[in-house]
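In what follows, a single structure is set out as structure tokens and then discussed.
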Amino acid sequence: MTNAEAVLEVLRHQGVRRASGLPLYIQIAEALEAALNGAELPLTSALPSEHELSQALGVSRPTIRQALTHLEQRSVLYKRRGVGTFRSPQAMARPPRLTSLYDELVEQGSVPSTRVLQIRQLPAPESIAQDLHVQTGAELVFVERIRTVGGRPVVFHTNYLNLEGKPPPDRAELEQGSLYAILRARYGIELTLASQDVTARAASPAERKHLELGSGGCVLVAQRVSFDATGRGIEWAVNVYPPGTQSFRMRLSAW
């Protein structure tokens, strides 16, 4: 019996109570979440299809779709366009530290993979130049990357780097390790201070494509400007996270 078949078997045994006061899609969502845990569906195994779920529970596919959407909104599931629906790993809670996501993933026992989409030199746009405290048009290195864990996209990185005219890092370097480690080893740059804004919003078409989100998908966006110990602006970055993969832990005080 496959993992997906095991989930269907648990669902058939549980069933749904149509006389219950709970909406049917909520009952199905709760039953499916329990079945995923009971059958121990691996994170890399796709859920049964909407058709298979509707047959197992004797309900319509729109009701199944509503239940799946409910679980996706709660970050229990996520969808990969053209591939299927999967269990979400527990969201990684990140304290507000100036560290590399790559290093944090490795520390947690994950095996991150990186794909460089673009790497090139370009003149600094005015707004980014102001944030980095460089002249408009100063030469920056532009890098776009997708980072995945277990085949699932976990972040879409966009970085503008102030390397003061030095050549950009190699594509192979960026795909094999941490950007911050490269800055230290190759350029002698140690980032010591940053400001960061975190917002949630609807994903752009490019973000939906790279993060394999459906239409109407939302993302968590962290925009960061980082400086070295001398106060020199080094990195202007936008990191875009799909639902259920990231949270930021902050300590609050009344004083």
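Given the structure, is Ile189 without any contact (Cβ under 8 Å) to a residue 40 or more places away in the chain and among the β-branched types (Val, Ile, Thr)?
Details: without any contact (Cβ under 8 Å) to a residue 40 or more places away in the chain: no; among the β-branched types (Val, Ile, Thr): yes.
When the stated conditions are applied, Ile189 does not pass them.
Sort out which residues of the range 182-208 are surrounded by 13 or more Cβ atoms within 10 Å (Cβ to Cβ), farther than 19 Å from Leu132 by Cα and either in contact with a helix residue (DSSP H, G or I) (Cβ under 7 Å, 6 or more places away or on another chain) or of a type in the set (Lys, Arg) (or both), and write them in order of number.
Within the range 182-208, Ile182, Arg186, Arg208 qualify.
Quick grid of which residues meet (1) modelled with pLDDT of 95 or more; (2) more than 30 Å from Phe86 (Cα to Cα); (3) not assigned by TED's automatic domain parsing to the domain that holds Pro112; (4) not in a strand (DSSP E or B):
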site: Gln130; (1), (2), (3), (4): no, yes, no, yes
site: Arg145; (1), (2), (3), (4): yes, no, no, no
site: Pro153; (1), (2), (3), (4): no, no, no, no
site: Ser215; (1), (2), (3), (4): no, no, no, yes
site: Gly231; (1), (2), (3), (4): no, yes, no, yes
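Can you tell me how many residues within the range 148-181 are under 28 Å from Glu126 (Cβ atoms) and crowded, with 19+ Cβ neighbours inside 10 Å?
Of the residues in the range 148-181, 11 are under 28 Å from Glu126 (Cβ atoms) and crowded, with 19+ Cβ neighbours inside 10 Å.
Whether any residue in the range 210-232 is under 27 Å from Val111 (Cβ atoms) and among the hydroxyl-bearing types (Ser, Thr, Tyr) is what I want to check.
Checked the range 210-232: at least one residue is under 27 Å from Val111 (Cβ atoms) and among the hydroxyl-bearing types (Ser, Thr, Tyr).
Yes or no: Arg65 within 19 Å of Cys218 (Cβ to Cβ) and either modelled with pLDDT of 75 or more or not in a loop (DSSP other than H, G, I, E, B) (or both)? Quick ask: steps written out before the conclusion?
Working: within 19 Å of Cys218 (Cβ to Cβ): yes; either modelled with pLDDT of 75 or more or not in a loop (DSSP other than H, G, I, E, B) (or both): yes.
Against the criterion (within 19 Å of Cys218 (Cβ to Cβ) and either modelled with pLDDT of 75 or more or not in a loop (DSSP other than H, G, I, E, B) (or both)), Arg65 qualifies.
Take the conditions assigned to a helix (DSSP H, G or I), in contact with a strand residue (DSSP E or B) (Cβ under 9 Å, 6 or more places away or on another chain) and at pLDDT below 95 and apply them to Glu175. Does it pass? If you could, list the steps in order and put the result at the bottom.
Values: assigned to a helix (DSSP H, G or I): yes; in contact with a strand residue (DSSP E or B) (Cβ under 9 Å, 6 or more places away or on another chain): yes; at pLDDT below 95: yes.
Yes.
I need the full set of residues from the range 159-173 which are within 15 Å of Ile189 (Cα to Cα) and of a type in the set (D, E, K, R), in order please. Step through it out loud before you land on a result.
The first filter runs over the range 159-173 and keeps only residues within 15 Å of Ile189 (Cα to Cα), leaving 160-169.
Glu164, Lys166 - these are the residues of the range 159-173 that are within 15 Å of Ile189 (Cα to Cα) and of a type in the set (D, E, K, R).
Could you look through the range 91-128, keep only residues that are in a helix (DSSP H, G or I) and modelled with pLDDT of 90 or more, and pick out the one that is farthest from Phe227 (Cα to Cα)?
Within the range 91-128, the subset in a helix (DSSP H, G or I) is 101-107, 126-128.
From what is left, the residues that are modelled with pLDDT of 90 or more are 126-128.
Details: Glu126: 18, Ser127: 16, Ile128: 13 Å.
Result: Glu126.
Take the residues in the range 183-207 that are among the small types (Gly, Ala, Ser) and part of a strand (DSSP E or B), then tell me which one is farthest from Ser226 (Cα to Cα).
From the range 183-207, those among the small types (Gly, Ala, Ser) are 185, 188, 194-195, 200, 202-204, 206; that's our starting set.
Applying the additional criterion that residues be part of a strand (DSSP E or B) yields 194-195, 200, 202.
Details: Ala194: 4, Ser195: 7, Ala200: 21, Ala202: 25 Å.
Here the answer is Ala202.
The values are calculated or read from the model by the stated rules, or taken from the named source; none is laboratory data. Every value quoted in this text rests on a predicted model; they were computed, and no experiment measured them. Heads up, the Cβs are rebuilt from the backbone with ideal geometry, glycines too, and the neighbour counts pull from every protein chain shown.
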